[in-house]
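The structure appears below as structure tokens.
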Amino acid sequence: MPRVTVCFPGGKHKALTMSYDDGRGADRRLVDIFNRHGIKGTFHINSGLLGQGDRIAEDEVRQLYAGHEISAHTATHPTIARSPREQLVEEIIEDRKRLESIAGYTVRGMSYPNGSYSRDIKAMLPWLGIEYARTVVSTGHYGMPDDWLEWNPTCHHKRDLMQHAETFAGLHKSQYLYLLYVWGHSYEFDNDGNWPLIEEFCAYIGGRDDIWYATNIEIADYMNAFKRLQFAASSAFVYNPSAASVWLNVDGSAVEVKGGCQIGLS
């Protein structure tokens with residue numbers, strides 16, 4: 001029987017994703033930094049607050065975040081664990097509706113506003129079309145999530161960001177999948193006067209051949225596509241019923257399983 005493990009696209013075993021909340025004006029500068037270094041971000045937006053104060057206006061959202069992911073953050077940013085279920089449903093569904101009308105694609109992820117969630121909220125999210133939700137609980141680790149509706153990031157950008165970047169760059173054991181997940185708020189760079197930190201980070205970690213730069217939903221979709229693969233009991237062959245390719249490590253070699261195809265593995 002061949003030894004088979006999942007890889008990231010291109011046979012890579014490391015991925016980087018960035019996650020920023022609230023849709024504030026400082027996102028313009030952050031997106032520019034990401035774009036210059038080939039880094040992808042997910043931007044969680046409160047659609048009911050668009051254009052208020054320094055928040056990005058509705059007519060700018062689609063163009064600004066092109067190439068990145070527009071994700072939900074509830075319409076008005078309540079502390080949802082303290083809210084009635086009726087309000088929770090409205091906050092998420094209305095946020096999705098408005099963001100989808102702007103983005104032109106289905107919004108299927110979110111981050112918890114004020115880091116607020118509960119077991120009951122998590123149970124409701126799939127019925128509201130949400131497939132992943134990010135917490136504010138930083139692990140300091142580089143593993144994949146066990147629970148997509150309680151997706152804990154590696155670190156906030158204020159906490160040892162360059163140390164994490166250097167550690168992550170040095171990870172080399174291909175038997176593992178490594179994920180560096182950074183979160184924060186772009187306006188914090190203004191408040192703290194530390195834009196050089198994210199500039200240095202992106203210049204250091206961007207443009208590497210061994211890292212997959214992905215949005216939150218791209219990672220979730222990819223891992224779900226892997227779960228849908230149909231392996232022979234002997235692992236002699238596999239069929240991919242999804243549209244997208246999935247990459248496998250088969251006895252030490254990277255193998256692409258294209259969408260709709262069946263291939264031999266031994």
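Here, each number is a calculation from the coordinates, and none is a lab measurement. Every value quoted in this text rests on a predicted model; they were computed, and no experiment measured them. A quick note on method: Cβ atoms are made from the backbone with ideal geometry, for glycine too, and the neighbour counts reach across all protein chains shown.
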Inset, instruction - Please name which of His164, Gly48, Val238 has its Cα lying farthest along the dipole of the chain towards the positive end, using unit charges on Cβ (Lys, Arg +1; Asp, Glu -1) and the Cα centre as origin. - result: Val238
Inset, instruction - Within 10 Å, count the other beta carbons around each residue, average over each peptide in 179-188, 160-169, and list them highest first. - result: 179-188, 160-169
Legend entry - Dipole-positive endmost among Asn194, Gly10, Ser83 within the chain (Cβ charges, Cα centre): Gly10
Inset, instruction - In Å³ and rounded to a whole number, note down the convex hull volume per residue for the Cα atoms of the stretch 179-222. - result: 79 Å³
Inset, instruction - Select one label from (1) 128; (2) 116; (3) 273: the one whose number is volume of the Cα convex hull per residue in Å³ as derived from the coordinates shown. - result: (1)
Legend entry - Inter-label distance for Arg228 and Glu58, nm, one decimal - labels placed 7 Å from Cα along Cα-to-Cβ: 3.3 nm
Legend entry - Under 20 Å from the Cys261 label point (7 Å along Cα→beta-carbon), backbone N, the stretch 202-237: 222-232, 235-237
Inset, instruction - Could you work out the relative contact order of the stretch 13-224, using alpha carbon pairs under 8 angstrom and six or more residues apart, expressed as a whole percent? - result: 30 percent
Legend entry - Residues of the stretch 1-30 with amide N under 12 Å of the 7 Å Cα→Cβ point at Ser235: 1-6
Legend entry - Modelled FRET efficiency - R0 45 Å, Trp195 with Lys97, Cβ distances, 0.05 increments: 0.85
Inset, instruction - Hey, can you grab everything whose amide H is under 5 Å from the amide H of Ser71? Only 5+ residues off in sequence or another chain; H modelled, so Pro and N-termini drop out. - result: Phe43, His44, Ile45
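At 222 nm, what helix-only mean residue ellipticity would the chain give, in deg cm²/dmol to the nearest 500, using -39500 (n - 2.57) for each DSSP H run of four or more?
The per-residue figure over the chain is -9000 deg cm²/dmol.
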Legend entry - Qualifying chymotrypsin sites (Phe, Trp or Tyr not before Pro) in the stretch 1-109, DSSP loop, other Cβ atoms within 10 Å at most 14: Tyr105
